[in-house]
Amino acid sequence: MIRNTRSAYGIVAIALHWTIATLIIGMLGFGLYMVTLPIFEPATYSLYQLHKSIGFVVLALVSLRILWKITGITPDLPAEMPVWEKLAAHLGHISLYALMLLMPLTGWLLVSSSPLGLPTVFFNLFQIPHLPTPEFLGQKADVSAFFTAVHGWAAYAFIAVILAHVGAALKHYFISKDKVLQRMLSSKA
Ligand code: HEM
Ligand code: HEM
C-alpha cells in the first residue's frame, strides 16, 4: 500500500518517518558533539561540511514529506482515545513538523549570515548558495548569533519533544494496547 488510508499508514509515509527520524536523532548527537571540537582544525571543518550536507538532505526529505501529507490523508487516531490525548497528539505532531523545518532553516540562515562567510559544499559536490541576510535583525554578526542561538535552543526543545513522542508511542503499545505503534512500523498493521 503506497498511500495512507483512514486506518493505516502507507509505505511512503512509513519510510519517510523512519528515515527522517534516524537522520534527525543522528544529527542532534552529531551537532552537540561537533561544537565541542577545536574550531579551526581542518577535520572540524570537514565535519561541519558533513553536518550541513546531511541537514540539507533532511530539509529536502521533510519538504517531500509535508507535500505527501497535504496531498493525502492521515489515519484517524483510535476512537477510544480521550479528546485531550488526541489534542496533545496533534499539538505534538505540529511541533515535530515545525522543528523538522526550523532546524535546517536556522542552520542555513546562521551560516548564510556568518561574518566568516564560509561556503557550504554539498557532499563535496557543489556549493549551496547563502540565503539573503535579514537586515532588520541588525549587523551580520548579530543576525548570525541570533540564528545560532535559535538553532541551539531548538535542538534542546526537539530532544524534549522527541522523548515525549517516544513515551507516547510506548504508552500506546504497553498501556492502551492499541495499533498506533504497529501502524507506523508496517502498512499492513
Ligand atoms: C536536521 C537538521 C539539523 C539538526 C538536527 C542540527 C542540529 C545541530 C545541533 C544539535 C547543533 C549544536 C548546537 C549547540 O549546542 O550550539 C548544531 C550546530 C550547528 N549546525 Fe546544525 N543541525 C541541523 C541542520 C543544519 C544545517 C542545514 C546547517 C547549515 C547549512 C547547520 C549548521 C550548523 C552549524 C554551523 C552549527 C554550529 C553552530 C555553533 O557555532 O554553535 N545545521 N546543529
Ligand atoms: C526525530 C524523531 C522523530 C520525529 C521527527 C517524528 C515525527 C513524527 C510525526 C510528525 C508524526 C505524525 C505523522 C503524521 O503526519 O501523521 C509521527 C508519527 C508517529 N511516530 Fe514519530 N517521529 C520521530 C521518532 C519516532 C520514534 C523513535 C518512534 C517510536 C518509538 C515514533 C513513533 C511514531 C508513531 C507510532 C507514530 C504514529 C502516530 C499515529 O498513528 O498517529 N516516532 N512521528
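Within the listed set G167, G152, G31, the Gaussian network model of the chain (springs between alpha-carbon atoms below 10 Å) gives the highest mean-square fluctuation for G167. Taking amide H as placed 1.01 Å from N in the peptide plane, T120 has its amide H under 5 Å from the amide H of I128, each at least 5 places away in sequence or on another chain. Computed on region 11-184, with alpha-carbon pairs under 8 angstrom and 6+ residues apart, the relative contact order is 21 percent. Take the alpha carbon atoms of region 1-61, find their center, do the same for region 114-189, and report the distance between the two centers in whole angstrom. Taking the Cα centre of each part, region 1-61 and region 114-189 sit 8 Å apart. In straight-distance terms, cross-link reach from K188 covers every one of the lysines whose alpha-carbon lies under 18 Å from its own, apart from those fewer than eight places away in the same chain; here that gives K177, K179.
In plain terms, the C-alpha convex hull of the chain casts an average shadow of 12.6 nm² when viewed from every direction.
Rule-based calculations on the coordinates, nothing more; no lab input. Here the structure is a predicted model, which means the values were calculated and not measured.
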